[in-house]
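The structure appears right after this line, and notes come after that.
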Amino acid sequence: MARITAGVGSSHVPLLGVAHDQQKDRDAYFAPIFEGFDWTREWEKTEKPDVVILVYNDHASAFDMKIIPTFAIGCGERYKPADEGWGPRPVPDVHGHPDLAWHIAQSLILDEFDMTIINEMEVDHGLTVPLTMMFGDVAEWPVKVVPLAVNVVTYPPPSGNRCWALGEAIARAVASFPEDLNVQVWGTGGMSHQLQGPRAGLINKEWDNDFLDGLVGDTDRLRKVPHIEYLRETGSEGIEMVMWLIMRGALGKRTKAIHRHYHVPCSNTAIGHIVLRPDNGESFDTRDSTAASDAPLTA
């Protein structure tokens, strides 16, 4: 049967896509950011996941104010990179896994999550930048992707508790899929940032790193963080971090961090990245980039 073997959290700042596409990723400004993903790129080559369930938010490319789904799952065969105003990114089309996606959609709806099902859409930097950060410059993405779009653009977004519970339901869905698949769940967005208003440029390193700490081990304290705390402590766009909680919820009761990276700034955003294993007694590769993976690591 299919099984979830790892979770990945990552910012999806559009400037990282621009830096990669213009071959500036090793310039003095960007190198410290991309170096934090070098370990993950090598790790993914050995992991060889079959499918990534990629949790992201659309930025008015597939959805606009006419329709705002709280949770939408892509069940299509193929997704083209969106034109976000300066042409589509020069990256490969994203190939879906319709069989797994439809299975997850059915399981989630029967599990009382009211999903919006999308069979055709374009995908923007929220989805393509994480693929670039984990896989680099490739002719074809080495995984199939089940896109899972979350509304964190227009209030009210879903609560952290609901996102965590959705991750738990996704884990149940994947475990009941009969095909032998190596599945990863990625949560993207954030970290602290505000793009407008008097607090534009806000970054909160202490809060961000405490959030990363909360993804590790057997604590579930992050599912109880209210919207107002994200807004107050991490800026108006920091709410994107609830998407990481879908990833964390899918990994079970306890996790172990095997890689972690944090850097400021990237444009006006804090960059966060973490790789987690379910710590459920199963045997996984013990490759670990951290000396003490439960300890806080800060930039």
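What the Cβ-Cβ distance of residue 111 and residue 253 gives, at R0 = 25 Å and to the nearest 0.05, is a FRET efficiency of 0.85.
A straight line joining the Cα centroids of region 200-252 and region 57-93 runs 24 Å. When you restrict to C-alpha pairs under 8 Å that are six or more residues apart and normalise by the size of region 3-278, the relative contact order lands at 31 percent.
Give the percent of DSSP beta bridges with both residues in the chain that are antiparallel, rounded to the nearest 5.
About 50 percent, rounded to the nearest 5.
Nothing charged except the Cβ atoms of Lys and Arg (+1) and of Asp and Glu (-1): what's the magnitude of the dipole of the chain about its Cα centre? Round to the nearest 20 debye. Show your work: numbers first, answer last.
Numbers: 26 positive and 42 negative charges, 105 e Å.
Value, rounded to 20: 500 debye.
The local environment of residue 94, defined by Cβ-Cβ distances under 9 Å, has a net charge of +2 under the rule Lys, Arg +1 and Asp, Glu -1. Distance between the pseudo-spin-label points of residue 159 and residue 1 (7 Å out from Cα toward the beta carbon): 2.9 nm. Stretched out straight at 0.36 nm per residue, the stretch from residue 119 to residue 288 would grow longer than its current Cα-Cα span by 57.1 nm. Ordering 6, 20, 30 by the projection of their Cα atoms onto the charge dipole of region 1-46, which places +1 on the Cβ of Lys and Arg and -1 on the Cβ of Asp and Glu, puts 6 at the extreme positive end. A cut-off under 14 angstrom between Cβ atoms defines the neighbours of residue 154, and their net charge, with Lys, Arg +1 and Asp, Glu -1, is -3. For region 77-184, the equivalent ellipsoid derived from the alpha-carbon gyration tensor has semi-axes of 25, 19, 12 Å in decreasing order. Non-local lysine pairs in the chain, meaning eight or more places apart or on different chains, with alpha-carbon distances under 16 Å, amount to 4.
Here the scattering of region 1-146 is modelled by Debye summation over its C-alpha atoms, one equal scatterer each and no solvent; at q = 0.08, 0.15, 0.20 Å⁻¹ the log10 of I(q)/I(0) is -0.23, -0.81, -1.35.
Please report, as a whole percent, how much of the solvent-accessible surface of region 102-209 comes from carbon and sulfur atoms (probe radius 1.4 Å). Mind dumping the intermediate values first?
Numbers: 2240 of 4390 Å².
Of all accessible area on region 102-209, carbon and sulfur atoms account for 51 percent.
In the context of the full set of protein chains, residues of region 3-278 present 39 Å² of accessible surface per residue (probe radius 1.4 Å, heavy atoms only).
Using a probe of 1.4 Å on the protein chains alone, the accessible area found for residue 97 is around 20 Å².
The Cα atoms of the chain define a convex hull whose projected area, averaged across directions, is 14.2 nm².
Take each uninterrupted DSSP H stretch in the chain, measure its Cα extent along the helix axis, and return the ones at 20 Å or beyond whose mean Kyte-Doolittle hydropathy is at least -1.0. Once both thresholds are applied, what remains is 160-175.
A probe of 1.4 angstrom, applied to the heavy atoms of all protein chains, finds residue 224 with accessible area near 130 square angstrom. Charge tally around residue 56: other residues with Cβ under 12 Å, Lys/Arg +1 each, Asp/Glu -1 each, net -3.
At 1.4 Å probe size, with no ligands or nucleic acids counted, give the accessible surface of residue 56 in Å², nearest ten. Its accessible surface works out to 0 Å², give or take rounding.
The values are calculated or read from the model by the stated rules, or taken from the named source; none is laboratory data. These figures come from a predicted structure and were not determined experimentally. Every residue, glycine as well, gets a Cβ built from its backbone with ideal geometry; the counts of neighbours run over all protein chains shown. For the accessible areas, the whole protein counts, side chains as well, though only heavy atoms, and no ligand, DNA or RNA atoms are used. Shrake-Rupley method; radii C 1.70, N 1.55, O 1.52, S 1.80 Å.
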